[in-house]
1. Taking the criterion of being touching a Gly at 6+ places or on another chain (Cβ under 6 Å) and at positive phi, would at least one residue in the stretch 322-337 satisfy it?
2. Within the stretch 286-329, which residues are of a type in the set (Asp, Glu) and surrounded by fewer than 18 Cβ atoms within 10 Å (Cβ to Cβ)?
3. Please indicate, with yes or no, whether at least one residue in the stretch 107-127 is without any contact (Cβ under 8 Å) to a residue 40 or more places away in the chain, in the same structural domain as ILE184 (by TED's automatic domain parsing), over 30 Å from LYS183 (Cβ atoms) and touching a helix residue (DSSP H, G or I) at 6+ places or on another chain (Cβ under 9 Å).
4. Report, by residue number, each residue of the stretch 135-183 that is buried (at least 16 other Cβ atoms within 10 Å of the Cβ) and of a type in the set (Val, Ile, Thr).
5. Whether any residue in the stretch 350-360 is out of contact with any Asp or Glu (no Cβ under 7 Å at 6 or more places or on another chain) and among the polar types (S, T, N, Q) is what I want to check.
6. If you go through the stretch 140-161 one residue at a time, do you hit one that is over 30 Å from ASN33 (Cα atoms), assigned by TED's automatic domain parsing to the domain that holds ASP62 and outside any helix (DSSP H, G or I)?
7. Among the residues of the stretch 279-329, write down those that are in a loop (DSSP other than H, G, I, E, B) and farther than 18 Å from ASN131 by Cα.
8. Name every residue in the stretch 78-128 that is loosely packed, with under 13 Cβ neighbours inside 10 Å, over 22 Å from GLY284 (Cα atoms) and in contact with a strand residue (DSSP E or B) (Cβ under 6 Å, 6 or more places away or on another chain), in order of residue number.
Amino acid sequence: MRRSRSFIPTTKEIPSDATLPSHQFLVRGGFINQQGAGLYNFMPLGKIVLEKIRRIVKEELDKAGCNEVQLSFITPLSLWDRSGRADTMGKEMLRIKDRHQNEFVLSPTNEEAMVELVKNRATSYKDLPLNLYQINTKFRDEARPRYGLLRGREFLMKDAYSFHASKEDMVREFDMMESTYKKIFTRLGLDFRVVQADSGAIGGDGSKEFHVLADSGEDTIVVCDSCEYGANIETIFETDEEIDALNEKSYEELQTKKIDEKCSCGGELSFKKGIEVGHIFQLGDTYSSALDAKFNDENGKPKAYEMATFGIGISRLVASVIEQNHDESGCIWTKSTAPYMVNIMISDIKKEAQVELAEELYSKLQDSNVEVILDDRKERFGFKMKDAELIGFPYTVIIGKELANGNVQIFDRKTKEKISVSVDDIYSKMMELI
């Protein structure tokens, strides 16, 4: 992509309601723009990042034997009445009527709809297990949408639902999906923890959350410094006073609050701030019984499916990467989420030698399937450099004054180091870094 042909409207202005780094930098860097309260459009750079995350999630789920489907975004309210959630979901579930006065909801989640999809189609224990997932738009009418993509009303979510002939098999799938989620977040380059959690409005017997560790996280979690143990404070503290008080504390105040108890492994426990990006639930027969969804077991007797459900916030992950990886200048994307791996910057577009080298390197990297953008704009060097830091390309090749000595510079966004490389070695050096 040539920068002169791209739509990347960067700005110095910080949105008045943007308090978190991800909200500020994603808007300023031209990744997203606000359509309304809690509603965001993804512009070209944002769409690239979104699709990269989506692809990684899809690849790992497909490897795990899950089947992708796509359900209607609008669900009949009658399904939610039958499961009993029409009332428990409250005002977060937006209800609408069509011209015939039939009632529907904009789906905040899809347990009921997925049960209806499988019901009367997987009728024997021989048809099980099944794990069906979709990556689709969801809507929750948040009372106070804020924090940009971290708490919007419309968002992209991966939701999966598994169906089993026994509880033992459901638990096996639950454990396998926990392992799959770990692979996903590791591939995304994130520092995360798995924590014991409360099932909330989804229901079921047990659940685990996946938190990206970030000083600006909304949730407070307890983690061990010696093992993988982690827990949401909702599962530890008994009163909403206690829970709210801890969640409202900043990361630095929390570091002074000591936990006297030790982990079962003997390690020290401490408070951390986290952003919830995934949640998995053991549902049992909560929904299948309510919706009369059954199969015939080995003895030919009808039995309700044992179920589990698994969610990942795809658009939420876009913001979470930046909450964990940024500095005062802007975004620092992980290599697996960066919109472009390499930014080639021509310092002076009027210098023929600079343009010629940039075009040559641009073609070579493209031919090698490297995600590369060529900044060929007629702008000042300082302006282009600030843009590169704001957007967060992992590497920027600066073709400028050093070309007279046969060298160019490579700017590493994460370390902010600049190294000089000879023109003859620049292509091989970039391939080595990538």
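The values are calculated or read from the model by the stated rules, or taken from the named source; none is laboratory data. Note that the structure is predicted; figures quoted are calculated from it, not measured. Positions of Cβ are backbone-derived with ideal geometry, glycine not excepted, and every protein chain shown enters the neighbour counts.
1. Filtering the stretch 322-337 for residues touching a Gly at 6+ places or on another chain (Cβ under 6 Å) gives 330-334, 336.
When the remaining residues are screened for being at positive phi, the result is 330.
Yes, some residue in the stretch 322-337 is touching a Gly at 6+ places or on another chain (Cβ under 6 Å) and at positive phi.
2. Quick first cut of the stretch 286-329, residues of a type in the set (Asp, Glu) only: 292, 297-298, 306, 323, 327-328.
If the condition is that a residue be of a type in the set (Asp, Glu) and surrounded by fewer than 18 Cβ atoms within 10 Å (Cβ to Cβ), then ASP292, ASP297, GLU298, ASP327, GLU328 are the ones that fit.
3. no
4. Matches in the stretch 135-183: ILE135, VAL171, THR180.
5. No: the stretch 350-360 contains no residue that is out of contact with any Asp or Glu (no Cβ under 7 Å at 6 or more places or on another chain) and among the polar types (S, T, N, Q).
6. Taking the stretch 140-161 first, the residues over 30 Å from ASN33 (Cα atoms) are 161.
Within this subset, residues satisfying the condition of being assigned by TED's automatic domain parsing to the domain that holds ASP62 are 161.
Still in the running and outside any helix (DSSP H, G or I): 161.
Checked against the condition, which is being over 30 Å from ASN33 (Cα atoms), assigned by TED's automatic domain parsing to the domain that holds ASP62 and outside any helix (DSSP H, G or I), the stretch 140-161 yields at least one hit.
7. Filtering the stretch 279-329 down to residues in a loop (DSSP other than H, G, I, E, B) leaves 285, 291-293, 297-301, 305, 325, 328-329.
Scanning the stretch 279-329 gives LEU291, ASP292, ASP297, GLU298, ASN299, GLY300, LYS301, ASN325, GLU328, SER329.
8. Those that are loosely packed, with under 13 Cβ neighbours inside 10 Å, over 22 Å from GLY284 (Cα atoms) and in contact with a strand residue (DSSP E or B) (Cβ under 6 Å, 6 or more places away or on another chain): ILE96, LYS97.
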